[in-house]
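Reviewing the structure listed below.
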Amino acid sequence: MPAPPPPPPPPRRDFPAFPFAPYPIQSEFMSFLYGALSSGPGALALLESPTGTGKTLSIICSALQWLGDHRDAAARGSTTAAAAGGGGEGDGDEPDWMRDFTPLPPEKPTAKKGRPPAAAARSKAPRRAAAGSEKPEGSEEAEDEEFLVEEYESDGEVCVRREAGKRPHRGGGSSSESEADGEEEEEEEVTPKVFFTSRTHSQLSQFVGELKKTEFGWRLRTVCLGSRKNLCINKDVLKLGSANRINERCLELQKSKKSSKTKVEGDNRKVCQSKTSCGCPMIRKRGLQKEFKSEVSEQGALDIEDLAQLGKKIGTCPYYGARDMVRTADLVVLPYQSLLLKSARESLGLNLKNSVVIIDEAHNLADSLTSMYNSKITSSQLNAILSHLEAYLNRFQSVLGAGNRRYIQTLTVLTRSFLRVLTSNQDDACTMTSMTINQFLFSLDIDNINIVKLCQYVKESNIIHKVSGYANKLNINQDGVNHLSHQQQYDEGSSIASFQTLADFLRSLLNCNDNGRIIVARKKFSGQPEDAYLKFVMLCAEKIILEITCDAYAVILAGGTLQPIEETRLRLFPNLPPSDIKFFTCNHIVPPESILPIAVTRGPSGKAFDFSYSSRSSHTMIEELGRFLCNVVTTVPEGVVMFFASYEYERFVYDAWAASGMISKISKKKHVFREPKNSVDVEMTLNKYKEAIQSCSKSSQDTGVTGALLLAVVGGKISEGINFSDGMGRCVVMVGLPYPSPSDVELTETIKYIENISKPVLVGGDNSSSSKYDDECKLQPGFDILRKCNKGGREYYENLCMKAVNQSIGRAIRHANDYAAMLLVDSRYAHTSSNRSSSSPTDKLPQWIKTRLACAQNYGEVHRLLHQFFKLNRQTH
């Protein structure tokens with residue numbers, strides 16, 4: 001009989017782990033989160049706390065306090081249950097995939113591990129036939145044998161699953177080491193635990209830094225998961241550069257095991273066995289992996305950089321070392337992709353059952369979820385795949401078993417069909433169409449193909465590596481040589497990546513018909529540089545998040561700007577009544593007089609600012625903006641950050657200012673920096689920007705330069721996750737309203753989808769035109785789509801814009817003693833709901849900014865407000 005659930009912990013207002021006296025809003029945040037978690041299984045809460053209010057520390061101290069209290073209550077309950085003869089949860093509560101994933105105990109060597117002897121014999125039969133019983137060792141047949149895929153029988157799902165369920169590196173080490181690993185893997189799964197996820201590795205490192213400030217940093221077992229690119233310490237793999245190539249090479253090294261006949265004398269073994277080791281030297285020695293885990297446990301919370309350094313010091317792989325610690329961890333810190341993508345959860349063996357999932361930076365969660373399930377394949381990738389498949393079939397067709405031959409031929413047929421649809425452009429004007437999954441399958445006449453079994457074959461048969469390896473060998477032979485060893489890796493990685501892209505696209509076709517759309521982008525006959533491509537665009541986020549909420553004990557969404565809540569509910573939890581979603585929001589910790597938001601409607605010469613798409617590139621508008629900025633940099637001390645809608649527009653404006661001499665005028669007051677498009681260079685630019693501001697504070701009397709100006713881009717690296725505290729951001733200037741381009745195909749499809757799902761709610765159940773978009777294949781211009789929208793789609797489009805604004809301007813205030821001005825430069829910011837058919841942009845500003853917003857009718861008013869604001873704050877700070 002299962003133990004009764006523990007009683008909920010009593011509400012609490014004190015959180016002793018908080019490292020200093022919390023502000024009232026921090027106490028309220030922690031109490032609300034604790035109460036939400038205490039409300040029982042299935043809890044769902046959204047917590048909004050402005051950037052710079054100590055949100056991360058509040059989450060840590062509240063959620064981990066609840067975890068400790070909950071376990072204490074469970075321990076008391078289990079003692080009672082044990083006295084009554086009750087038992088714990090059985091293995092039956094684990095989902096199927098988790099049972100499949102659990103590594104198996106080591107088996108004694110057989111003809112083929114994981115296969116019955118008969119199956120093993122069948123799998124070797126084709127190889128013997130191919131070799132003609134005995135082939136000379138150096139012959140072509142013997143050399144090519146390594147590329148021959150083992151016989152595949154789709155009915156043998158059980159044995160295949162056993163192979164797929166093993167962790168890639170578990171094959172390494174000797175048999176005796178495997179035995180020890182078997183005991184290690186028996187460690188009991190710690191539940192409940194807390195999973196904390198955020199979008200970037202830097203945000204996760206920041207979380208771990210905050211965790212170290214509390215007692216939970218050493219009291220709880222914490223593991224931080226990262227990508228192979230961030231954690232790999234194998235120099236030969238790292239030099240491949242791209243994340244995809246690093247991933248593929250790592251997995252290849254798991255498969256290429258080195259074997260040698262060795263005597264292995266364990267305590268109970270006296271027989272000779274074959275010793276196998278993984279191809280990657282960083283995970284061959286299991287003893288070093290144990291040492292790594294022991295060190296991590298002793299040192300407490302470590303971020304991704306700490307783990308990589310520790311791995312280098314010990315000489316073992318931190319990526320797999322960290323993965324091995326998940327089962328026994330109390331707190332798992334990991335990036336979005338690792339938690340929110342189902343295939344990644346299965347690969348990592350994450351069991352969310354009865355655990356708490358906290359998703360930070362959740363302001364665009366629905367779009368983040370759907371984008372993870374998008375897939376795209378280009379015509380050049382399809383051509384490469386087709387040539388590799390044809391070459392492989394030509395070489396091995398006579399020796400392939402019936403199952404392999406049938407599936408490889410099916411892959412070839414599908415690849416040809418995909419290429420045909422991309423080249424059959426009857427109407428040169430219409431290069432892009434959109435269709436449902438079923439329309440796509442029927443139009444290509446491939447609806448009779450069992451894609452479920454085909455995807456299973458690709459996943460389980462190792463066909464991708466076999467075909468790619470053979471193609472790579474042919475490429476080397478054609479080039480004639482051994483002089484391109486690095487290029488060899490490049491070509492192989494490229495081939496594998498193309499096949500993986502095809503596999504992803506095929507899996508996309510298994511989605512429900514209404515969950516997404518297929519975009520067919522054909523090449524014009526007139527020629528265009530871009531590749532033609534097929535792309536699956538996932539539209540339905542509800543089913544993705546449902547897989548998480550169904551397993552987890554509670555799901556918490558946190559962020560600086562989560563409103564409007566109705567859009568979040570509609571896209572993620574449409575079947576939940578609003579009352580079932582707990583929502584918390586608060587003001588900023590800074591006093592009202594420390595911020596100065598102004599809607600700037602006119603420039604110094606009196607011209608109205610209008611940065612709508614049709615007028616933003618006019619010479620007069622750019623010139624007026626330049627004059628305005630010249631005045632701002634004279635009034636504002638230290639750092640000014642100016643945001644543009646896109647890299648292209650920033651470059652256009654900068655070039656115009658440089659040509660007119662405006663940049664040289666601005667440079668007399670501020671050093672000018674520009675956000676680089678390459679994210680690798682962002683940190684260096686930010687460091688130079690910061691150094692310029694700091695140096696000016698000492699020498700401004702001599703040079704006249706008072707700080708620095710940074711020209712940045714909305715949606716770029718700087719607008720998301722970079723903090724401009726204190727002098728780095730005394731003023732943030734937002735140029736225009738950064739609406740995304742309505743001509744973007746994915747955006748258009750998302751708008752149509754949201755308009756359709758919102759109709760029953762927004763128009764009182766009148767569904768007469770709810771499917772007006774469903775069967776349209778030729779894409780309409782984006783503005784036409786927006787005009788057709790009643791409210792839901794248009795509201796989403798406006799929310800995208802204002803969420804981007806809020807993310808950008810919120811970067812400036814980081815702590816209670818900070819102060820900054822926020823200038824919203826466009827006359828549309830002054831419009832109110834009463835004089836517009838739709839809501840005003842400023843209605844969607846955070847409450848702590850909206851209540852202080854001033855609307856300036858002329859530049860003189862802006863200048864006066866800025867002068868007073870900085871004079872006052874210089875005196876008080």
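The values are calculated or read from the model by the stated rules, or taken from the named source; none is laboratory data. Remember, it's a predicted structure, so these values are computed and weren't measured experimentally. Counting neighbours? That spans all protein chains shown, and the Cβs are built from the backbone with ideal geometry, glycine included. Calculation scope for accessible area: heavy atoms of the full protein, side chains included, ligands and nucleic acids excluded. Shrake-Rupley method; radii C 1.70, N 1.55, O 1.52, S 1.80 Å.
Structure values in brief
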{"quantity": "Any hit, region 473-490, residues being within 24 Å of the chain's Cα centre (by Cα) and either at pLDDT below 95 or not aromatic (Phe, Trp, Tyr) (or both)", "calculated": "no"}
{"quantity": "Qualifying residue in region 835-843 (condition: open to solvent by less than 30 Å² (accessible area, probe 1.4 Å), under 29 Å from the mean Cα position of the chain (by Cα) and under 29 Å from Arg627 (Cα atoms))", "calculated": "yes"}
{"quantity": "Any hit, region 315-329, residues being β-branched (Val, Ile, Thr), surrounded by fewer than 18 Cβ atoms within 10 Å (Cβ to Cβ) and assigned by the TED database to the domain that holds Ser202", "calculated": "yes"}
{"quantity": "Region 13-47 - residue that is part of a helix (DSSP H, G or I) and among the aliphatic types (A, V, I, L, M) and, of those, surrounded by the most Cβ atoms within 10 Å (Cβ to Cβ)", "calculated": "Met30"}
{"quantity": "Residue pairs meeting the criteria (Cβ under 7 Å; at least 6 apart or on separate chains; first touching a residue at least 60 places away in the same chain (Cβ under 8 Å), in region 611-624; second part of a loop (DSSP other than H, G, I, E, B) and of a type in the set (Asp, Glu))", "calculated": "Phe611/Asp826"}
{"quantity": "Ile718 not assigned by the TED database to the domain that holds Tyr654 and not polar (S, T, N, Q)", "calculated": "no"}
{"quantity": "Boolean, Gln500 is open to solvent by 50 Å² or more (accessible area, probe 1.4 Å) and in a loop (DSSP other than H, G, I, E, B)", "calculated": "no"}
{"quantity": "Lone unmet requirement of (1) buried (at least 20 other Cβ atoms within 10 Å of the Cβ); (2) out of contact with any Gly (no Cβ under 9 Å at 6 or more places or on another chain); (3) closer than 30 Å to Val653 by Cα for Lys535", "calculated": "(3)"}
{"quantity": "Qualifying residue in region 617-632 (condition: in the same structural domain as Gly727 (by the TED database), open to solvent by less than 10 Å² (accessible area, probe 1.4 Å), out of contact with any helix residue (DSSP H, G or I) (no Cβ under 8 Å at 6 or more places or on another chain) and not in a loop (DSSP other than H, G, I, E, B))", "calculated": "yes"}
{"quantity": "Any hit, region 345-363, residues being surrounded by 15 or more Cβ atoms within 10 Å (Cβ to Cβ), charged (D, E, K, R), in contact with a Leu (Cβ under 8 Å, 6 or more places away or on another chain) and without any contact (Cβ under 8 Å) to a residue 40 or more places away in the chain", "calculated": "yes"}
{"quantity": "Subset of region 696-727 [open to solvent by 30 Å² or more (accessible area, probe 1.4 Å), closer than 15 Å to Val640 by Cα and small (Gly, Ala, Ser)]", "calculated": "Ser697, Ser725"}
{"quantity": "Check on Tyr320, aromatic (Phe, Trp, Tyr) and out of contact with any Ser or Thr (no Cβ under 7 Å at 6 or more places or on another chain)", "calculated": "yes"}
{"quantity": "Residue list for region 374-391, filter: part of a helix (DSSP H, G or I) and either open to solvent by 40 Å² or more (accessible area, probe 1.4 Å) or among the aromatic types (Phe, Trp, Tyr) (or both)", "calculated": "Ser380, Gln381, Asn383, Ser387, Glu390"}
{"quantity": "Residues within region 805-818 that are buried (at least 24 other Cβ atoms within 10 Å of the Cβ), in contact with a Ser or Thr (Cβ under 9 Å, 6 or more places away or on another chain) and under 12 Å from Pro738 (Cβ atoms), tallied", "calculated": "1"}
{"quantity": "Condition check for Ala821: over 31 Å from the mean Cα position of the chain (by Cα), over 20 Å from Pro740 (Cα atoms) and surrounded by fewer than 23 Cβ atoms within 10 Å (Cβ to Cβ)", "calculated": "no"}
